[in-house]
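A.B. asks: There's a structure below that I have some questions on.
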Amino acid sequence: MNDTFLKACRGEAVPYTPIWIMRQAGRYLEEYRAVRGKADFLTMCKTPELTTEVTLQPIDILNVDAAILFCDILIPCEAMGQGLEFHEGKGPILFPEIRDEETVNKLFVPDPEDTMKFVMDAIRMLRKELSDRVPLIGFAGAPLTTATYMIEGGTSKNFLNTKRMIFEAPDLYSTFMDKVTATITEYLKAQISAGAQAVQIFDTWGGIFSPEDFREYALRYVQIIIKDLKSAMASGSINQVPLIYFVGETAGLLEEIKTSGADVHGVDWRINLDDAISRLGDGAVVQGNLDPLSMFLPQDKIEERVKDVLKRAASAKGHIFNLGHGVVPQTPRDNVIALVEMVHRLSKK
Ligand code: CP3
């Protein structure tokens, strides 16, 4: 197997720097758009054959070193009892919005093999199809990021309702977050049991807080999940797999993030990787961190930036190359193919 990704996650020596790309299965690929033309997004997430097809596309097209399950962080919200729809051009809609005791009390902590069986079936199918070509990454949203969509009812500009719940009804927020945290913990355990060989926790909106509020209202729940997963690994009830924690707007929060308990920390592009590594401390394993929109530069300029990231990553115990956030739909696919080739060539030992 190409296990450079798993080795880098564990901080072991690798022949070259492995790379995968957040949102690597997506609309910038015409092959994805062809499948998407025949089925809506949620149908794709819920049909293991389609999930498998689009998950594998970037492995063949880009030559990346890991596959990431095609799904969405909002799938567990529906399993908890909330309505979920994706509207063309408007993004996700969740209803009713979780704003009071009544709506919080109606949510439940689902059995993932029951309510989200299609995800676990897709993982099992993917492991067969991949037959150890590259490792398969599973994922979930972090409790805070998941909760913002549930409270706001979709994407938000200033997270007014989330922060109002936190500041006006902190006990309600913590009751709600306990349910979200338990759901995500069980969901990740089920993904690992089904065959996920690493998992990433996406905390896209962690950066909406001051460091102190981030610790109290976001990180605390991530630490609970990671502790629970690590003890399940230690007791042998789930496989030992690397845990990756990605936070958007990383730079103001690194001293907090380093206490997450994760094996790998995702870093966005708003900070130089060597600064991030020194603030994360000895033995840091990092993932990142090219600006996703730098994919619109000419390829010689992309190459300069790749060299810079690789140079700055030298002080890390391990480095997985990635963009600092998801690849955007308008991205020229040839530049993404070129990026993977550059990372492999320029990092070769
Ligand atoms: O990385 C991958 O290739 C795996 C698949 C994946 C998707 N979403 C597919 C998707 C992953 C890991 C996600 C995570 C996700 N989803 C996050 C966290 C990471 C991030 O990007 O910040 C968030 C916040 C979501 C919620 C979400 N899903 C939004 C806000 C939207 C609408 C915006 C958009 O890009 O259209 C989605 C839809 C979505 N998720 C698409 C894809 C490929 C586009 C759906 C389509 O084909 O129309």
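The values are calculated or read from the model by the stated rules, or taken from the named source; none is laboratory data. Since the structure is predicted, the reported quantities are computational estimates derived from the model, not experimental observations. Cβ sites come from the backbone with ideal geometry, for glycine too, and all protein chains shown count toward neighbours. Just so you know, the surface numbers come from the protein's heavy atoms only, side chains and all, with ligands and any DNA or RNA stripped out. Shrake-Rupley method; radii C 1.70, N 1.55, O 1.52, S 1.80 Å.
A.B. asks: Contact list please: Cβ distance under 6 Å, first residue in region 198-211 and farther than 24 Å from D228 by Cβ and free of Cβ contacts under 8 Å to residues at least 40 places away in the same chain, second residue open to solvent by less than 30 Å² (accessible area, probe 1.4 Å) and away from the ligand (no atom under 11 Å from the Cβ), pairs at least six apart or on different chains.
C.D. replies: none
A.B. asks: Now, a different point. Does V309 meet the test of being surrounded by 15 or more Cβ atoms within 10 Å (Cβ to Cβ), under 21 Å from the mean Cα position of the chain (by Cα) and under 16 Å from P58 (Cβ atoms)?
C.D. replies: no
A.B. asks: Run P96 past the list (1) away from the ligand (no atom under 14 Å from the Cβ); (2) closer than 27 Å to V264 by Cβ; (3) in contact with a strand residue (DSSP E or B) (Cβ under 9 Å, 6 or more places away or on another chain) and report the number of the one that doesn't hold.
C.D. replies: With respect to (1) away from the ligand (no atom under 14 Å from the Cβ); (2) closer than 27 Å to V264 by Cβ; (3) in contact with a strand residue (DSSP E or B) (Cβ under 9 Å, 6 or more places away or on another chain), P96 is out only on (2).
A.B. asks: Quickly run through region 149-165 and pick out the residues that are of a type in the set (V, I, T) and surrounded by fewer than 22 Cβ atoms within 10 Å (Cβ to Cβ).
C.D. replies: Across region 149-165, the qualifying residue is only T155.
A.B. asks: If we scan region 291-301, do we find a residue that is in contact (Cβ under 8 Å) with a residue 40 or more places away in the chain, open to solvent by 10 Å² or more (accessible area, probe 1.4 Å) and not in a helix (DSSP H, G or I)?
C.D. replies: no
Yes/no per residue for (1) in contact with a strand residue (DSSP E or B) (Cβ under 7 Å, 6 or more places away or on another chain); (2) within 28 Å of V241 (Cα to Cα):
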site	(1), (2)
P143	no, yes
G154	yes, no
K157	no, no
L160	no, no
F167	no, no
L172	no, no
M177	no, yes
I184	yes, yes
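A.B. asks: In this structure, does D274 turn out to be closer than 22 Å to T204 by Cα, part of a helix (DSSP H, G or I) and either in contact with a helix residue (DSSP H, G or I) (Cβ under 6 Å, 6 or more places away or on another chain) or open to solvent by less than 60 Å² (accessible area, probe 1.4 Å) (or both)? Steps first, answer last, please.
C.D. replies: Working: closer than 22 Å to T204 by Cα: yes; part of a helix (DSSP H, G or I): yes; either in contact with a helix residue (DSSP H, G or I) (Cβ under 6 Å, 6 or more places away or on another chain) or open to solvent by less than 60 Å² (accessible area, probe 1.4 Å) (or both): yes.
So D274 fits the description; yes.
A.B. asks: Mind checking whether some residue in region 5-27 is over 30 Å from A313 (Cα atoms) and part of a loop (DSSP other than H, G, I, E, B)?
C.D. replies: The answer is no; no qualifying residue exists.
A.B. asks: If F118 satisfies all but one of (1) part of a loop (DSSP other than H, G, I, E, B); (2) of a type outside the set (V, I, T); (3) under 30 Å from M1 (Cβ atoms), what's the number of the condition it fails?
C.D. replies: Just one mismatch for F118, condition (1).
A.B. asks: Continuing with the same structure: Test each condition in (1) open to solvent by 20 Å² or more (accessible area, probe 1.4 Å); (2) assigned to a helix (DSSP H, G or I); (3) within 12 Å of the ligand (Cβ to nearest atom); (4) touching an Asp or Glu at 6+ places or on another chain (Cβ under 9 Å) for I61 and report the one that comes out false.
C.D. replies: (3)
A.B. asks: Then there's this: Would you point out the residue of region 13-32, among those that are open to solvent by 70 Å² or more (accessible area, probe 1.4 Å) and over 16 Å from F86 (Cα atoms), that is nearest to the ligand (Cβ to nearest atom)?
C.D. replies: Among residues in region 13-32 that are open to solvent by 70 Å² or more (accessible area, probe 1.4 Å) and over 16 Å from F86 (Cα atoms), the one nearest to the ligand (Cβ to nearest atom) is R23.
A.B. asks: Has region 64-71 got at least one residue that is assigned to a loop (DSSP other than H, G, I, E, B), open to solvent by 20 Å² or more (accessible area, probe 1.4 Å) and within 9 Å of the ligand (Cβ to nearest atom)?
C.D. replies: no
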